[in-house]
1. For residue 9, list long-range residues whose amide hydrogen, built 1.01 Å from N in the peptide plane, is under 5 Å from its own amide hydrogen.
2. Can you grab the distance from the C-alpha centre of the range 21-73 to the C-alpha centre of the range 91-146, Å, no decimals?
3. How would you order 43-55, 103-115, 140-152 from highest to lowest mean count of nearby Cβ atoms within 10 Å?
4. Amide H neighbours of residue 149 under 5 Å, counting only residues 5+ apart in sequence or on other chains, H built in-plane at 1.01 Å?
5. Between residue 139 and residue 59, what is 0.36 nm times their sequence separation minus the Cα-Cα distance? Round to one decimal in nm.
6. So for the chain, averaging the separation of alpha carbon pairs under 8 Å that are six or more residues apart and normalising by length, what relative contact order in percent results?
7. Apply the Karplus parameterisation 6.51 cos²θ - 1.76 cosθ + 1.60, with θ equal to phi minus 60°, to every residue of the range 59-66 and state each ³J(HN,Hα) to the nearest whole Hz, in sequence, with x for glycine and proline.
8. Test of understanding: express the Cα radius of gyration of the chain as a ratio to 2.2 N^0.38 Å, with N the residue count.
Amino acid sequence: MTSERLHFISGDHDHQRCMKDAITRAEELCLQQGQRFTALRRRVFSLVWRQHKPIGAYEILEELQRDGRAAPPTVYRALDFLLESGLIHRIASLNAYVACLQPEHRHEGQFFICTSCRAFAELDSSLITTAIEQNARESGFEVQRHTIEIMGLCPQCRLLKENA
Ligand SMILES: [Zn+2]
Ligand SMILES: [Zn+2]
Ligand SMILES: [Zn+2]
């Protein structure tokens, strides 16, 4: 497990390149899963990757309607596909989606989300997962998936606040 996902991504990187690599990796992953990375799936995936911030479902719909492409149910199907493939995660509290930095490695969605700038970092802590599973076992509950959304301030916004 790399530490990459534990950190908030700063703005100063070659994002064009980072997005291109992500699309290539997504294509490969789909191929491995025997799935097709269709034009619409690619378009939706690119939108989610456009910034390292959650993008709202409505924003995605709006963008695609501007293109004159795809009715809402088709877009939601593409989003479901990306979710199931592990390429993106859903942030329920924001009704938004984020790109996964390590889709090759299956994991639950555990996030720190900045309430000020909406930057996010994934944590994927096995301690949390174990605690959930143990509590579930004790209460006879079967966990199908879990997503944890922790709201707060990212390092940059904390600095801004301290210096204000
Ligand atoms: Zn980037
Ligand atoms: Zn992820
Ligand atoms: Zn922030």
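Taken together, the values in this text are just the output of simple stated rules run on the coordinates, not laboratory data. From a predicted model like this one, the values you see are computed outputs, not experimental measurements. Every residue, glycine as well, gets a Cβ built from its backbone with ideal geometry; the counts of neighbours run over all protein chains shown.
1. Result for residue 9 returns 120.
2. For the range 21-73 versus the range 91-146, the Cα centre distance is 21 Å.
3. Numbers: 43-55: 20.1, 103-115: 16.8, 140-152: 10.6.
Top of the packing list down: 43-55, 103-115, 140-152.
4. It is 111, by chain and number.
5. Values: separation 80, 0.36 × 80 = 28.80 nm, distance 3.90 nm.
Residue separation times 0.36 nm, minus the Cα-Cα distance, leaves 24.9 nm.
6. Values: 180 pairs, mean separation 38.1, N = 164.
Contact order relative to length: 23 percent.
7. These are the phi-based 3J(HN,Hα) values: 5, 5, 4, 4, 4, 6, 6, 5 Hz.
8. Values: Rg = 16.8 Å, N = 164, 2.2 N^0.38 = 15.3 Å.
Against the empirical 2.2 N^0.38 Å value, I get 1.10 for the chain.
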